Structure formats: structure tokens, C-alpha cells
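Visitor: Starting off with a structure, shown below.
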Amino acid sequence: MSNYYDDKDLRKFGKISDWNETLGTKFFDYYSEVFKEGKLTAREKSLIALAVAHTEQCPYCIDAYTKDGLQRGITKEEMMEALHVGAAIKSGATLVHGVQMMNKVNKLDL
């Protein structure tokens, strides 16, 4: 195997129900419900999913939602902008935890 992640494994995602049908079914029911049109369009949800896929660093999700986004007419520029939004939030979340470190230093710094 040349890569740890095999893109063919994405097609096996449905098999997660094989070893626990009850929980697998509940997950897929939930997943399907989340991605139905609601206050957000399927296109908007796809773009959000693509950004989150990158912040979570899931290659399977990146593949799936890149393809899904293209099929929904999302442009490469929109995809990249969404990735930058995700990156900004991820880096901001990292940096804001610096306040915790600063508080600890101030408490311990006699």
C-alpha cells in the first residue's frame, strides 16, 4: 500500500453498520437528516462540510465533499475561501487558548 488512506475505502463507509447495525443505522439516519435541505441549502451544507473536512483533516471527507461541491456548482474559488474561513477559525481557536496559558503563567509567576 503506497498510502495509509486508500480512496477505495470511502466506498466502504456503509459497512460501518455491519458490526453494529443499530448504531450504524442511527448514524446514517442522523447523517441523512442533517444534509437535507432546511434553512441552509444542500449547496451551503456541502461547502461547510468541505471546510470542516479540512479542519478535521479527513481525506475521505475532503474527497467526498470536493466532488459533491463541484456537482452542486461550487467554484474552486468558493471552496478555497471556505477553507480559509475554516483555517482562520481553527487557528483562532488555538490562539485563544493562549489566554489560558497566560493566566497560568501569571498565577505561577511570583
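We did not get these values from a lab; they are worked out from the coordinates using the rules stated. Keep in mind that this is a model prediction, so the values were computed, not measured. All Cβ positions, glycine included, derive from the backbone under ideal geometry; neighbour counts span all protein chains shown.
Visitor: Please build a GNM for the chain, connecting alpha carbons under 10 Å apart, and tell me which residue among G24, G69, G98 fluctuates the most.
Guide: G98
Visitor: Moving to a separate point now. What number, rounded to the nearest 500 deg cm²/dmol, is the helix-based mean residue ellipticity at 222 nm of the chain, given -39500 (n - 2.57) per DSSP H run of at least four residues and division by all its residues? All intermediate terms of the calculation are to be shown ahead of the outcome.
Guide: Values: 5 runs with 73 residues, N = 110.
That calculation yields -21500 deg cm²/dmol at 222 nm.
Visitor: Put +1 on the Cβ of each Lys and Arg and -1 on the Cβ of each Asp and Glu in the chain; which of G38, G98, A51 then has its Cα farthest toward the positive end of the dipole?
Guide: G98
Visitor: Before anything else, pin down the relative contact order of region 1-69: Cα pairs under 8 Å, at least 6 apart, normalised by residue count, whole percent.
Guide: Relative CO of region 1-69 lands at 24 percent.
Visitor: Report the residues of region 4-18 in range of a label on F27: point 7 Å along Cα→C-beta, backbone N strictly under 14 Å from it.
Guide: 10-18
Visitor: Give the longest segment of the chain that steers clear of trypsin sites (Lys or Arg not before Pro) in DSSP loops with at most 11 neighbouring Cβ atoms within 10 Å, not counting the sites themselves.
Guide: 40-110
Visitor: For region 8-14, just list the computed ³J(HN,Hα) in residue order, Karplus coefficients 6.51, -1.76 and 1.60, θ = phi - 60°, integers in Hz, with x standing in for Gly and Pro.
Guide: After applying 6.51 cos²θ - 1.76 cosθ + 1.60, I find 5, 5, 4, 5, 8, 3, x Hz.
Visitor: Sticking with this one: For region 101-110, what does the Karplus curve 6.51 cos²θ - 1.76 cosθ + 1.60, with θ = phi - 60°, yield as ³J(HN,Hα) per residue in whole Hz, taken in order and with x for Gly and Pro?
Guide: Karplus values, whole Hz, x for Gly and Pro: 4, 4, 4, 5, 4, 4, 6, 8, 6, 8.
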